[in-house]
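Asker: Once you've had a glance at the structure underneath, I'll fire off some questions.
Each reported figure results from applying straightforward, stated rules to the coordinates on display, with no laboratory input. Only a predicted model underlies this, so the values are computations on that prediction, with no experimental measurement involved. Ideal geometry is used to build each Cβ from the backbone, glycine not excepted, and the neighbour counts take in all protein chains shown.
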């Protein structure tokens, strides 16, 4: 049974910080940002207020990840299943990337952050896609932290599209079945060029991956917290990384 893990291993000189060693920092962290609506509901506020405050948590997490020396941060911003939500909420969520980048893009550029996006672009409103593409273009030469937004993303769709690509290439005679291996598939996923996440974080107390990076999470360490996403801060990220460092990754073998 997977248990919720909370790390309370604090440094003696600062009770708000956990002990993290610099020689075992996860290269890639993926986060399922969950709990915006419930955070707002508990305060008697509209769900959209939770999403607005979730943007502040995105900034905090990005800064904290950069300070730790994490190379890649992938955030599950909007899933292919999220279209089932009320239209007003979906419309608001589709405006958030534009709003966030309008406020934060210049600072992200100054911090040498490179923005990427993975997901189905065809299903996105024009204003959302244009905002993301501008951010990707303006940060393309940065070589610091890669901030990767999973937007209109679904793991099953990603794998299905990859299999469809295999079928088309075999039919066209440009691919032989014996040439298909794990590396070929990884090179044709939406995350191509990124290492698999070392650590998956999910907020809000839910303990499932929700169709997120199903291929890539095969050997990722999982860390769950009851904290709602708008509450997530630097200390929570440090808790997750400290717990990651206390684990032994065996990849099916022996330590």
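Asker: Label-point separation (nm) for residue 59 and residue 127, each offset 7 Å from Cα along Cα-to-Cβ?
Answerer: With each label point 7 Å from Cα toward Cβ, the separation is 2.1 nm.
Asker: Cα centroids of the stretch 16-63 and the stretch 129-164: how far apart, whole angstrom?
Answerer: 20
Asker: Still on this structure, please answer the following. Specify the residue with the greatest mean-square fluctuation among 119, 155, 173, computed from a Gaussian network of the chain linking alpha-carbon atoms under 10 Å apart.
Answerer: 173
Asker: Is the stretch 129-220 best put as rounded, prolate or oblate by its Cα gyration tensor, with a ≥ b ≥ c the root eigenvalues, rounded for a/c under 1.5, and otherwise prolate when a/b is larger than b/c, oblate when not? Walk me through the intermediate numbers first.
Answerer: Numbers: a/c = 1.96, a/b = 1.33, b/c = 1.48.
The shape class here is oblate.
Asker: Follow-up. How much of the DSSP beta bridge set in the chain is antiparallel, as a percent to the nearest 5?
Answerer: Roughly 5 percent of the DSSP beta bridges within the chain come out antiparallel.
Asker: Sticking with this structure for a sec: Go ahead and estimate [θ] at 222 nm for the chain from helices alone: -39,500 (n - 2.57) per DSSP H run with n ≥ 4, summed, over the residue count, rounded to 500.
Answerer: That comes out to -13000 deg cm²/dmol.
Asker: Answer rounded, prolate or oblate for the chain, using the Cα gyration tensor with square roots of eigenvalues a ≥ b ≥ c: rounded when a/c is under 1.5, else prolate when a/b is larger than b/c, else oblate.
Answerer: oblate
Asker: Just grab the label-to-label distance for residue 249 and residue 19, each label 7 Å out from Cα along the Cβ direction, in nm (one decimal).
Answerer: 2.2
Asker: Turning to a different aspect of this structure: Any idea how far apart residue 164 and residue 99 come out in nm if each label point goes 7 Å out from Cα toward Cβ?
Answerer: Distance between label points: 3.2 nm.
Asker: Just need the relative contact order of the chain here, percent rounded to a whole number, with Cα pairs under 8 Å and 6+ apart.
Answerer: Values: 379 pairs, mean separation 79.1, N = 255.
About 31 percent, as a whole number.
Asker: Gaussian network model of the chain, Cα springs within a sub-10 Å range: biggest mean-square fluctuation belongs to which of 18, 90, 146?
Answerer: Most flexible of the set in this elastic network: 90.
Asker: Calculate, in nm to one decimal, what residue 178 and residue 83 gain on full extension: separation in residues at 0.36 nm each, minus their alpha carbon distance.
Answerer: Gain on extension, residue 178 to residue 83, equals 30.4 nm.
Asker: I would also like to ask the following. Suppose R0 equals 30 Å; then what is the FRET efficiency for residue 137 and residue 71 from their Cβ-Cβ distance, rounded to the nearest 0.05?
Answerer: 0.90
Asker: Quick check on the exposure proxy: order 174, 74, 248, 139 from fewest to most C-beta atoms within 10 angstrom.
Answerer: In order of increasing Cβ crowding within 10 Å: 248, 174, 139, 74.
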